[in-house]
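Worksheet: the structure to be examined is printed underneath.
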Amino acid sequence: MRPASWLLVVSVLAACELQEVTVVDFSDVVVGEVYVMLDEDPADHRVSAFLHGTASGGAPDTETFNDALVRIARDDGFTFDLGLAAVGLCVDSLAEGATGSCFVDGGPASSLTPGDALDLTITLGDGRTLFGALRIPGDFQLDGVSGTCRLEPDTLLELRWTSSDGAWAYVNETSINGLPTALAAENIEVEDDPLYLLGLSISASDTTVVFPSEFGVFDRFDLEQDLALRLQRGLPEGTDALVTVAAVERNYTNWARGGNFNPSGQVRVASLRGDGTGVFGAAVVRSFAVVASSGPTGLADCPLS
């Protein structure tokens, strides 16, 4: 046998040797996703907590934690518990076959204010406990816009806002109504009505964004090209939109991932510790509405720079 052939036979035989493999058992980990959302009106403040397990072995998790105690405490001693609620109040959708437990506040959240320091304790029925802490971002205001204003069609609106103390980023969102009808004459098909677009100012000092052209930065690959280009000019006649800007703190930013929207980077960074993992995040939300009309509407005009 020639040397080259002999080496080949040795390598083949070596590849056939059985290697000792350690099999790791999958085990579910409790995940808590707890968010504090403060709106302009304290009556609209909201705290929600969704508790679920991980999908061990790739199977949907069906565990529930209905007997958990979810408690929020402010640094001045103000404390309240969240109550068990329908899962739909915590999440829009779940993987097929998956479930979990949802808890929401029954009104005490209206006493929370921007800048509050909060502690979270989640005590499960079997004694396991998760902990978290945060400071809600500071108050901020949109410059010159509130309520509902009229915007000339095909006009861009530059939004500015004051800085929020403690914010790590600003999430910009809009929901635009009436695009399918308004753009039919331009032979632009729009499947979604309303059309939801998401953007991000990934800096505490980045406090401007242009509407609607700079919204939807994370939706560009999903939008039809002709629709994306059309929105660079502004809203068409006969449409209206809800526009929100949310100041989010470190925990929120470090956990946010989904589709193309990944402010946390390559992996999520947890802000809950103890017998599980997850996030305890907060946002301060400011919003207004826009009506695209070339004629009088009785509304104040949106401020243009």
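Computed values, structure above
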| item | result |
| --- | --- |
| Qualifying positions in segment 179-212 - part of a helix (DSSP H, G or I) and surrounded by 14 or more Cβ atoms within 10 Å (Cβ to Cβ) | Leu179, Pro180, Ala182 |
| Of all residues in segment 263-305 being buried (at least 21 other Cβ atoms within 10 Å of the Cβ) and β-branched (Val, Ile, Thr), the one that is nearest to Ser111 (Cα to Cα) | Val284 |
| Tally, over segment 221-279, of residues that are aliphatic (A, V, I, L, M), modelled with pLDDT of 95 or more and within 14 Å of the chain's Cα centre (by Cα) | 5 |
| Selection status of Leu89, touching a residue at least 40 places away in the same chain (Cβ under 8 Å) and surrounded by 16 or more Cβ atoms within 10 Å (Cβ to Cβ) | no |
| Number of the condition not met by Gly57 [criteria: (1) under 16 Å from Asp28 (Cβ atoms); (2) surrounded by fewer than 13 Cβ atoms within 10 Å (Cβ to Cβ); (3) at pLDDT 95 or above] | (3) |
| Among residues of segment 240-262, those that are crowded, with 18+ Cβ neighbours inside 10 Å and either over 15 Å from Ser287 (Cβ atoms) or touching a His at 6+ places or on another chain (Cβ under 7 Å) (or both), counted | 8 |
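The values are calculated or read from the model by the stated rules, or taken from the named source; none is laboratory data. Given the structure is predicted, the values throughout are model-derived calculations rather than measurements. A quick note on method: Cβ atoms are made from the backbone with ideal geometry, for glycine too, and the neighbour counts reach across all protein chains shown.
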